[in-house]
Amino acid sequence: MAKVSTKERKEKKDIAKQIMEAYGESYNEWLHDKHAEYIDENLMDYMKMQGDKKHQEYPSNQDGPLIASETEK
């Protein structure tokens with residue numbers, strides 16, 4: 001996806017707001033709904049990714065805690 005300039009982003013936002021106002025819709029409510037929709041669609045995958053990252057950082061030690069042997073002390 002090509003990078004969108006700030007000017008173009010503002011122009012699109014302003015046009016969308018004008019159209020929504022003409023239809024009696026609230027831009028802020030629409031934007032809130034879009035945020036909620038995005039979160040609903042992606043939250044579970046995101047949480048799984050975060051859990052996988054934590055698991056990689058702190059792998060479980062199935063043999064119990066690491067204890068230095070008598071020769072290592």
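Any read-out appearing in this document is the output of simple, stated calculations on the displayed coordinates, not a laboratory observation. Since the model is a prediction, treat every value here as computed from it, not as a measurement. Glycine also receives a Cβ, built like all others from the backbone with ideal geometry; neighbour counts cover every protein chain displayed.
Per-structure values
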read-out: Neighbour cut-off at most 12 other Cβ (10 Å), DSSP loop, chymotrypsin sites (Phe, Trp or Tyr not before Pro), segment 1-35; value: 23
read-out: Net length gained if the chain between residue 22 and residue 1 were fully extended (0.36 nm per residue, minus Cα distance); value: 4.6 nm
read-out: Spatially proximal lysines relative to residue 7 (Cα-Cα < 28 Å; intrachain offsets below 8 disregarded); value: 17, 34
read-out: Residue 8 versus residue 41: modelled label distance in nm, points set 7 Å from Cα along the beta carbon direction; value: 2.1
